[in-house]
Amino acid sequence: MNSETHSGTVVLSAGGTGGHMFPAFALARELQARGLSVVMVTDARGAKYKEQYPDIPFHVVRAETLRAGVVAKLRLLLDLAVGTGQAMVLLRKLKPRAVVGFGGYPSFPSVIAAQVLGIPTLVHEQNAVLGKANKLVAGLARKIALSLPDLDAIPKAWRAKTIVTGNPVRADIAAISHYAPPEGIFRILVLGGSQGASVFSKTVPEAIGMLPEDKRKAVSVVQQCRANDIAMCRHAYDVLGINARLESFIVDVPAQLAFCHVLIARSGASTVTEAGVAGRPAIFVPYPHHKDQQQLVNANVLVKAGAAIVLDERTMTARALSKELEKLMSNPAHLAEMAANARKTLVSDAAKRLADAVIAL
């Protein structure tokens, strides 16, 4: 526990997906360790985490995400207006010392209400590109905290109040200390993001099947698949004689990161951060359909550092992926160098840095 203690309440406001909620929970634990009370404000989706954190009070405000269509946009505005009114009532009651927004439209009501009431606010952005909700409130925030060390996407007028704290990760991932996977087996971890990625279910087995026989026999795979892809993927690995564990949701990601030689994954903010903090070489295949290409920008932070490879899903072939895997398997020294570069690029004490920034507001 941090010997420096403080008093008061901090409200954490986050959209209901894991990418927003998990950094908020990591900060919550750090603030609690310093003697502060924490309250979580989220939407109905985020409320499902309540059982995992019974010591943190949860409040649900009305909110909606941005969807296509005029009616959906009008509903969004209505929900945000109602949610902001709910947040105003809550904040007047709690009188927090600060409100921290983690993005997603459900974070908007509490942050904007705090700004109207004169309560200090900080927004934390997990991606390399500011999300829509954070853009709406960042101008009036006292601090903008970034996960990735790339200020190019931040308007110049905001850069003076922008700090790089990193993206808080689970303690068991931050605790992964060195890159030393077991020898004799080449362990590949495949993660498809919160929704899975069917492209991996087809392409990764094909790519492994194209490896030279000696390398193919050395491969072991742990892979996240969409539930309706598991049977297809299982058959492909069985035909190849590959030892593969396939799950629709991998609960022991920290342990699998600790033992893998290379990660193949989408490049959402949490995945990129976890690869960097754990110091794991990665082959990223960014989700190609985001308008702002946020996953590509995320991945390029580690690519520029010499810690990752990016393949474009629109042009990627099993042959191209197989060649990248073969090069990595043939050069353990390069893998170790990539791992070291990853660890140097992203910080493991982001929760501490973010807590320091909140307390200093």
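Of the numbered criteria (1) crowded, with 19+ Cβ neighbours inside 10 Å; (2) modelled with pLDDT of 90 or more, the one PHE22 fails is (2). Yes or no: the range 338-350 includes at least one residue that is at pLDDT 95 or above, more than 30 Å from ARG29 (Cα to Cα) and of a type outside the set (Val, Ile, Thr). The answer is yes; a qualifying residue exists. Looking across ARG142, ARG97, one residue alone is in contact with a His (Cβ under 9 Å, 6 or more places away or on another chain), within 19 Å of LEU31 (Cβ to Cβ) and among the basic types (Lys, Arg). It is ARG97.
Of the residues that make up the range 276-288, is at least one more than 19 Å from ALA180 (Cα to Cα) and surrounded by fewer than 21 Cβ atoms within 10 Å (Cβ to Cβ)? Within the range 276-288, one or more residues are more than 19 Å from ALA180 (Cα to Cα) and surrounded by fewer than 21 Cβ atoms within 10 Å (Cβ to Cβ). With respect to the conditions (1) free of Cβ contacts under 8 Å to residues at least 40 places away in the same chain; (2) touching a strand residue (DSSP E or B) at 6+ places or on another chain (Cβ under 8 Å), GLN256 falls short on a single one, namely (1). Within the range 23-42, being in contact (Cβ under 8 Å) with a residue 40 or more places away in the chain and either more than 22 Å from PRO120 (Cα to Cα) or of a type in the set (Gly, Ala, Ser) (or both) holds for ALA24, ALA26. Residue selection: ARG45 satisfies the criterion of being within 25 Å of the chain's Cα centre (by Cα), of a type in the set (Lys, Arg), outside the structural domain of LYS304 (by TED's automatic domain parsing) and crowded, with 18+ Cβ neighbours inside 10 Å. Counting the residues of the range 151-180 that are surrounded by fewer than 17 Cβ atoms within 10 Å (Cβ to Cβ) and modelled with pLDDT under 85 gives 7. The set of residues in the range 195-243 being touching a Cys at 6+ places or on another chain (Cβ under 7 Å), more than 20 Å from ARG319 (Cβ to Cβ) and either surrounded by fewer than 20 Cβ atoms within 10 Å (Cβ to Cβ) or without any contact (Cβ under 8 Å) to a residue 40 or more places away in the chain (or both) consists of CYS225 alone.
Can we say ARG159 is without any contact (Cβ under 8 Å) to a residue 12 or more places away in the chain and more than 15 Å from the chain's Cα centre (by Cα)? The answer is yes for ARG159. Is it the case that some residue within the range 16-38 is closer than 15 Å to LEU90 by Cα and in contact with a Pro (Cβ under 6 Å, 6 or more places away or on another chain)? Checked the range 16-38: no residue is closer than 15 Å to LEU90 by Cα and in contact with a Pro (Cβ under 6 Å, 6 or more places away or on another chain). Condition first: touching a His at 6+ places or on another chain (Cβ under 9 Å) and not β-branched (Val, Ile, Thr). Now tell me which residues in the range 21-42 satisfy that. Passing the criteria: PRO23, ALA24, LEU27, LEU31, ARG34, GLY35, LEU36, MET40.
Whether any residue in the range 75-92 is of a type in the set (Lys, Arg) and modelled with pLDDT of 95 or more is what I want to check. Yes, that holds for at least one residue.
The values are calculated or read from the model by the stated rules, or taken from the named source; none is laboratory data. This one's a predicted model, so the numbers in the text were calculated from it and none came from an experiment. As a convention, Cβ positions derive from the backbone with ideal geometry for all residues, glycine included, and neighbour counts pool all protein chains shown.
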